[in-house]
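See below for the structure under consideration.
The values are calculated or read from the model by the stated rules, or taken from the named source; none is laboratory data. Note that the coordinates shown come from a computational prediction; the quantities given were computed from them, not determined experimentally. Please note: Cβ atoms are built from the backbone with ideal geometry, for glycine as well, and neighbour counts cover all protein chains shown.
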Amino acid sequence: MTKQYRSPILAAIHETAENLHGIGLIGKQTMREFDVGCLTGVEPLDASQIQALRLREGASQAVFARYLNVTTGLVSQWERGEKHPRGPSLKLLNLVRKKGLDAVA
C-alpha cells in the first residue's frame with residue numbers, strides 16, 4: 001500500500017523521519033505526529049456533497065453502496081443528513097471524490 005502525501009516535500013520529510021525512526025533516533029509518538037502532518041487526511045462531507053458525488057458518478061444509491069461496502073439504507077441516511085460517514089467509509093468517499101468510483105472498484 002502506497003502512502004499519499006500532501007506534497008512531494010512532505011513525502012521526503014516523512015521518508016527521512018521513517019528512516020530516523022528505523023534506527024531509533026525518533027520515537028513512536030513523533031512518528032505519529034509526522035503521519036498526521038504529512039499524510040493525506042480526510043475531509044468531512046455533508047449530505048448534499050455525498051448526493052452530488054453519487055450523482056456525478058452516475059450511480060444509484062444501491063450501486064454506490066456496493067462500491068463502498070455499506071448498505072443502501074446507510075447511503076440514504078447519509079444523503080438525508082441523518083447519519084454522517086466516518087472512518088473507512090469517509091476515507092473511501094474522499095477517494096471517490098478525488099479519483100472517481102473506479103478507484104474503489
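Is there a residue being buried (at least 16 other Cβ atoms within 10 Å of the Cβ) and either among the polar types (S, T, N, Q) or modelled with pLDDT of 95 or more (or both) anywhere in the stretch 26-47?
yes
State yes or no: is Arg80 under 25 Å from Gln4 (Cβ atoms) and charged (D, E, K, R)?
Considered against the rule, which asks whether it is under 25 Å from Gln4 (Cβ atoms) and charged (D, E, K, R), Arg80 comes out as no.
Among the residues of the stretch 52-62, is any free of Cβ contacts under 8 Å to residues at least 60 places away in the same chain and in contact with a Ser or Thr (Cβ under 6 Å, 6 or more places away or on another chain)?
yes
One residue is enough: does the stretch 23-43 have a residue meeting the conditions under 17 Å from Lys3 (Cα atoms), among the hydroxyl-bearing types (Ser, Thr, Tyr) and assigned to a helix (DSSP H, G or I)?
No, that holds for no residue.
List the residue pairs whose Cβ atoms are under 8 Å apart, where the first residue sits in the stretch 83-101 and is within 18 Å of Tyr5 (Cα to Cα), the second is small (Gly, Ala, Ser), and the two are 6 or more positions apart or on different chains.
Correct list of pairs: Leu95/Ala103; Val96/Ala103.
Restricting to the stretch 5-22, what's the tally of residues that are in contact with a Lys or Arg (Cβ under 9 Å, 6 or more places away or on another chain) and part of a loop (DSSP other than H, G, I, E, B)?
So the count comes out to 0.
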